[in-house]
Amino acid sequence: GFLVPAFAPVFNYEDLAAFMEAVPPPWVLKPRFEAGAVGIRQAHDPEAVWRTLDQLDDKQSFYLIEQFVAGDVYHVDSLVWDQETAFSVASRYGRPPLAVSHGGGVFTSRTLATDSDASRELLETNARLLHAFGLVRGVNHAEYIRGQDGRFYFLENAARVAGANLDRMVLEASGIDLWTEAARIEIAQVRGEPYVLPETRGHHAGIITCLAKQEWPNLGAYADPEVAWRLHKAHHASLIVASPEARRVSALLDDYAERFAQEFLAVAPPKSSERF
């Protein structure tokens, strides 16, 4: 009952050829055991797929081919206890992570207004998905794409805390530290005690990140009172803004993204998948 992009395993070449004949390009070749956009390769015609598989050699069976669905990418970060969602927050990326990873640019994400139709639909869909998956307890990060038809397609799911400092964004918006709560859930399970979610706050937050041409970029000019966190990491510029007002977060992120691109942005080749 969940919408997903069409996909096929990369095992049997006849099945693969049939998939490419039935599903229009572009397609993506995705590693089945990687995180984020690492190792994803896009192809616009069958010849590109066959060339890529030749390069992958014996590693090709660790990939799948999937229809590329254009649209905005969303993520839902959740805590689950006793097969029920105890906490979840929905957010939307600026540019899709795949586009940033492969083409460079400024990465952003922002929490959705809790009363928005998109937030309500995503949280309801995500709760059903985690229940269907049979997740008993723990932390979860799921991603969805809203296609050009306006519908949400499930992309991927991981039983872990989100990367790219998205956990910090969730913390600044809700007051919930996903790492801390993941530990509390496990401790409650071991002790045979009920898990109780701490009190949350209904703020909004957004994160902005890019590779920086400066070794230690100076973020001193970004001094709005809504700036809640800054990353201290060589050749990275990143900060989080938080506010009770969703519009204020969006306005700051839009302004900062343009300034980051002008002042800091550096582009590096995408990471390849070498784990296999």
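The values are calculated or read from the model by the stated rules, or taken from the named source; none is laboratory data. Owing to the predicted nature of the structure, the values given are computational and were not obtained by experimental measurement. Here the Cβ positions follow ideal geometry from the backbone for every residue, glycine too, while neighbour counts run over all protein chains shown. The accessibility values were calculated without ligands, DNA or RNA, using every heavy atom of the protein model including side chains. Shrake-Rupley method; radii C 1.70, N 1.55, O 1.52, S 1.80 Å.
Tyr93 meets the conditions (1) open to solvent by 40 Å² or more (accessible area, probe 1.4 Å); (2) in contact with an Asp or Glu (Cβ under 9 Å, 6 or more places away or on another chain) in every case but one. The failed one is (1). Here is the figure for region 203-259: residues that are touching a helix residue (DSSP H, G or I) at 6+ places or on another chain (Cβ under 6 Å) and of a type in the set (Val, Ile, Thr) total 4. The residues on offer are Phe19, Phe87, and the sole one that is farther than 30 Å from Ile240 by Cα and modelled with pLDDT of 95 or more is Phe19. Taken residue by residue, region 82-100 has at least one member that is among the basic types (Lys, Arg) and closer than 30 Å to His204 by Cβ. The residues of region 24-79 that are of a type in the set (Phe, Trp, Tyr) and in a loop (DSSP other than H, G, I, E, B), listed by number, are Phe33, Phe68. Of Glu121, Glu156, all but one fail to be under 14 Å from Ser88 (Cα atoms), out of contact with any Lys or Arg (no Cβ under 6 Å at 6 or more places or on another chain) and not small (Gly, Ala, Ser); the exception is Glu121.
Filtered by the rule that a residue be assigned to a strand (DSSP E or B) and open to solvent by 40 Å² or more (accessible area, probe 1.4 Å), region 138-184 gives Arg146, Leu155, Glu156, Asn157.
Listed by first and then second residue, the pairs linking a residue in region 214-228 that is among the polar types (S, T, N, Q) to a residue that is assigned to a loop (DSSP other than H, G, I, E, B), with Cβ atoms under 7 Å apart and 6 or more places separating them unless they lie on different chains, are Gln214/Phe264.
Within the set of pairs 6+ apart or on separate chains, which have a first residue in region 44-59 that is closer than 16 Å to Arg32 by Cα, a second that is of a type in the set (Val, Ile, Thr), and C-beta atoms under 9 Å apart? What qualifies is Leu53/Val10; Leu56/Val10. In region 190-206, the residues that are among the polar types (S, T, N, Q) reach residues that are open to solvent by less than 80 Å² (accessible area, probe 1.4 Å) and assigned to a loop (DSSP other than H, G, I, E, B) with C-beta atoms within less than 6 angstrom, at least six apart or across chains, in these pairs: Thr200/Gly175; Thr200/Ile176. Checking each residue in region 220-268 for being hydrophobic (A, V, I, L, M, F, W, C), in a helix (DSSP H, G or I) and crowded, with 19+ Cβ neighbours inside 10 Å picks out Ala246, Val249, Leu252, Leu253, Ala257, Phe260.
Answer yes or no: is there a residue in region 210-219 that is buried (at least 21 other Cβ atoms within 10 Å of the Cβ) and under 19 Å from the mean Cα position of the chain (by Cα). Scanning region 210-219, I find at least one residue that is buried (at least 21 other Cβ atoms within 10 Å of the Cβ) and under 19 Å from the mean Cα position of the chain (by Cα), so the answer is yes.
For region 64-77, the criterion of being open to solvent by 10 Å² or more (accessible area, probe 1.4 Å), modelled with pLDDT under 95 and in contact with a Ser or Thr (Cβ under 6 Å, 6 or more places away or on another chain) is met by no residue.
For (1) of a type in the set (A, V, I, L, M, F, W, C); (2) over 27 Å from Ser243 (Cβ atoms), each residue gets a yes or a no:
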residue	(1), (2)
Thr108	no, no
Asp115	no, no
His131	no, yes
Val139	yes, no
Gly150	no, yes
